[in-house]
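The values are calculated or read from the model by the stated rules, or taken from the named source; none is laboratory data. These numbers come from a predicted model, not from an experiment. Because the Cβ atoms are built from the backbone with ideal geometry, glycine has one as well, and the counts that use them run over all protein chains shown. Note: accessible area is taken over every heavy atom of the protein model, side chains too, but ligands, DNA and RNA are not part of it. Shrake-Rupley method; radii C 1.70, N 1.55, O 1.52, S 1.80 Å.
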Amino acid sequence: MLATAALAGCSAGTEGTPYPVETAATAASQSAKAAQLPQRPADLSLQGVELCEIFPQVQLDALKITSVPRQAPEQDGPTCVFDADGAEPVHAYHVRAVPADLEQWITGTRKKNSMTTEPKTIGGYPALTNYRAAGDPADCETLVGVAKGQTLAVQTFAITRGKLTQPQLCDMSAHAADLALQTLKARN
């Protein structure tokens with residue numbers, strides 16, 4: 001495994017704005033992450049999918065969803081919010097259909113140095129766990145590459161602060177993404 005050194009440069013402005021410098025080692029690390037993603041077994045198109053109906057009632061119960069799912073303003077694509085607000089810790093799931101390839105979060109325009117991005121597999125599909133490692137855990141996102149140019153994003157938000165750990169939020173997000181993927185598989 002290559003060791004990576006964190007480097008930063010500064011802009012020519014009077015105060016200088018630090019920015020990360022991608023070294024050969026970090027570029028190799030990002031390429032290795034992309035190579036760790038499995039091949040998609042089949043395309044599961046998100047076209048025409050009503051995201052607020054992605055979970056059947058039994059899955060809504062399993063996720064402790066107590067409110068009626070609601071459309072939210074688009075965030076990179078159609079978005080539905082599922083609130084689990086019947087008991088503590090209160091949390092919510094945001095399910096989005098993002099018109100982008102999964103690799104964009106590793107090496108492309110959606111990659112953010114402030115985020116920890118880890119490859120994984122959900123239901124046989126290539127996926128990423130994406131979260132901010134610093135500070136109070138507030139959310140975790142599971143991204144599943146369901147088709148070329150289409151990513152299913154399931155983000156779990158902690159509404160009650162300080163009650164859910166980062167691993168718990170990521171496990172909850174991955175579980176919800178797996179349930180949504182089961183629905184997509186059943187309709188195709």
Averaged per residue, what accessible area in Å² does segment 104-183 show with a 1.4 Å probe, protein chains only? 41 Å²
HN-Hα J couplings of segment 168-176 from phi, Karplus 6.51/-1.76/1.60, θ = phi - 60°, integer Hz, Gly and Pro as x? 5, 4, 5, 5, 5, 5, 5, 5, 5
Point-to-point label distance, R132-R161, nm (Cα→Cβ direction, 7 Å offset): 1.2 nm
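Would you mind getting the accessible area per residue of segment 48-97, heavy atoms of the protein chains only, 1.4 Å probe, in Å²?
Numbers: 2520 Å² over 50 residues.
Ligands and nucleic acids excluded, the figure is 50 Å² per residue.
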So for segment 29-126, averaging the separation of alpha carbon pairs under 8 Å that are six or more residues apart and normalising by length, what relative contact order in percent results? 32 percent
Assuming 0.36 nm per residue, please report the length gained on full extension of the stretch T183 to Q39 beyond their Cα-Cα distance. 49.8 nm
Solvent-accessible area of K163, probe 1.4 Å, all protein chains present, reported in Å² to the nearest ten, please. 130 Å²
Whole-percent carbon and sulfur contribution to the accessible surface of segment 125-188 (1.4 Å, no ligands, DNA or RNA) stands at 53 percent
Other-chain or far-sequence residues with amide H under 5 Å of G149's (modelled H): D101, L102
Taking a crude spin-label model, label points 7 Å out from Cα along the C-beta direction, the E53 to E118 distance in nm is 3.6 nm
